[in-house]
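K.L.:
Below is one structure. I have some questions about it.
Since every read-out is calculated from the coordinates, none of them should be taken as a lab result. A quick note: this is a predicted structure, and the numbers were derived from the prediction, not measured. Note: ideal-geometry Cβ built from the backbone for every residue, glycine included; neighbour counts use all protein chains shown.
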Protein chains: 2
Amino acid sequence: MMSQQDTFYMQMALQEAHNALLEDEVPIGCVIVCENQIIGRGHNMTEHLKDATSHAEMQAITAACATLGGKYLQNCTLYVTVEPCVMCAGAIAWTQIKRLVYGTPDIKKGYTQLTNASFLPKCEVVKGVLEDECRELMQSFFEKKRKKYETIC
Amino acid sequence: MMSQQDTFYMQMALQEAHNALLEDEVPIGCVIVCENQIIGRGHNMTEHLKDATSHAEMQAITAACATLGGKYLQNCTLYVTVEPCVMCAGAIAWTQIKRLVYGTPDIKKGYTQLTNASFLPKCEVVKGVLEDECRELMQSFFEKKRKKYETIC
């Protein structure tokens, strides 16, 4: 179930997405919250780090594990502006994150497209928090990229 | 199709798995090969780094991306002693790795259990290279852990 807190923390994730945008990265942001504190945050850095594994969620999970000093995040909620891909959903499963809250679905690469129903069995999943803002950020990024590409060609 | 080269590089991945074992980590090892050169290697480091994302494949992918200076590994083969989990298979998909060669299946956490048929559509997958060695390393590790646990309890 969605709460006011969810909207608040999704705004924090959107701030991270804007940070990605400033660096010309695909604008996806993530924060991980434990007992009302942000213990890890991240944004997509695949271009900057030249590493396809540097998604927002992976950055935030590594940061949160470092904060807590352990590899499990059982009492945490992960907020991410776009539905996680299979890789990131796999990481969420390993860390035993309790709640996953995402903004806009990813109809091509989202984990719900590619994994079966038994995936993330113990994780509460909430979708659609600030969906319009999260989607518009992505759409405007890719539209600009397309226009730039059309101008070059 | 399996080749002599596959056996050779799987032995290198097994060496990495032995390195994990020496550090009391789950003994899984990985190497990534491009034009007959190992450009990235890694072993499971989840306990040492206290980070559930530090699987052998993720370490090796990040290392290989750093070696090549780019986020795609299209002409590479990834050798890993145990079937990748969903997270690592997701990373393999993002990097566009051309071939995936693994030793022993993972019947609980392997990506083939949890993802659908369209996953990794462009990647040639070869399984069963040095399967016995890869499986026995895992079995012996977990048997020792169980015995230790039974002694404590």
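K.L.:
To one decimal in nm, how far is residue A:117 from the same spot in the other copies, if labels go 7 Å from Cα toward Cβ? Please give the shortest first.
P.N.:
So the distances to the same position in the other copies read 1.9 nm.
K.L.:
One decimal, nm, shortest first: give the distances between the label point of residue B:67 and those of the same position in the other copies, each label point 7 Å from Cα along Cα→Cβ.
P.N.:
Sorted ascending, the copy-to-copy spacings read 3.5 nm.
K.L.:
Kindly write out, for region B:137-152 in residue order, the coupling ³J(HN,Hα) from the Karplus curve 6.51 cos²θ - 1.76 cosθ + 1.60 (θ = phi - 60°), rounded to whole Hz, with x marking Gly and Pro.
P.N.:
Listing the rounded values in order: 4, 5, 4, 5, 4, 6, 5, 4, 4, 5, 4, 4, 5, 5, 5, 5 Hz.
K.L.:
Another one. Would you mind listing the distances between the residue A:4 label point and the same position in each other copy? Use 7 Å along Cα-to-C-beta, nm, one decimal, shortest first.
P.N.:
7.2
K.L.:
Counting each DSSP H run of 4 or more residues in the protein assembly as shown as -39500 (n - 2.57), what helix-only mean residue ellipticity at 222 nm follows after dividing by all residues, to the nearest 500 deg cm²/dmol?
P.N.:
Counting only the DSSP helices, I get -14500 deg cm²/dmol.
K.L.:
Separation between the residue B:151 and residue A:37 pseudo-spin-labels, each 7 Å from Cα along Cα→Cβ, expressed in nm?
P.N.:
So the two model labels end up 3.7 nm from each other.
K.L.:
By how many degrees, 0 to 90 and rounded to 10, does the Cα axis of helix A:56-68 deviate from the longest principal axis of chain A?
P.N.:
30
K.L.:
Using the Cβ atoms and a cut-off under 11 Å, what net charge is assigned to the surroundings of residue A:31, where Lys and Arg are +1 and Asp and Glu are -1?
P.N.:
Numbers: positive: A:41; negative: A:16, A:57.
For residues surrounding residue A:31, the net value is -1.
K.L.:
Charges on Cβ only, +1 for Lys and Arg, -1 for Asp and Glu, centred on the Cα centroid of chain B; of B:140, B:86, B:74, which one is farthest towards the dipole's positive end?
P.N.:
Farthest towards the positive pole: B:86.
K.L.:
Can I ask one more? Starting from the Cα of residue B:98, step 7 Å toward the Cβ, then list every residue of region B:34-49 with an amide N under 17 Å from that point.
P.N.:
Under cut-off, by backbone N: B:34-40.
K.L.:
Given an 8 Å cut-off on Cα distances and at least 6 residues of separation, report the relative contact order of chain B as a percent.
P.N.:
20
K.L.:
Net charge around residue A:73, counting only other residues with Cβ within less than 13 Å of its Cβ (Lys, Arg = +1; Asp, Glu = -1)?
P.N.:
+2
K.L.:
Also, quick follow-up: Taking the number of other C-beta atoms within 10 Å as the exposure measure, put A:87, A:12, A:2 in order starting with the fewest.
P.N.:
Sorted ascending by nearby Cβ count, the order is A:2, A:12, A:87.
K.L.:
Taking the simple approach of a point 7 Å from Cα along Cα-to-Cβ for both residue B:133 and residue B:22, what is their distance in nm?
P.N.:
Calculated label separation equals 1.6 nm.
K.L.:
Lysine pairs in region B:1-118 with alpha-carbon atoms under 24 Å apart, 8 or more places apart or on different chains: how many are there? Don't jump to the answer; show the numbers that get you there.
P.N.:
On the way: B:50/B:108; B:50/B:109; B:71/B:98; B:98/B:109.
The number of close lysine pairs in region B:1-118 is 4.
K.L.:
If we count every other residue with Cβ under 15 angstrom of residue A:9's Cβ, Lys/Arg +1 and Asp/Glu -1, where does the sum land?
P.N.:
-3
K.L.:
Here is a follow-up. Give me A:38, B:28 sorted ascending by neighbouring Cβ count inside 10 Å, so fewest comes first.
P.N.:
A:38, B:28
K.L.:
Could you state the number of Å between the C-alpha centres of region B:21-62 and region A:57-118?
P.N.:
21
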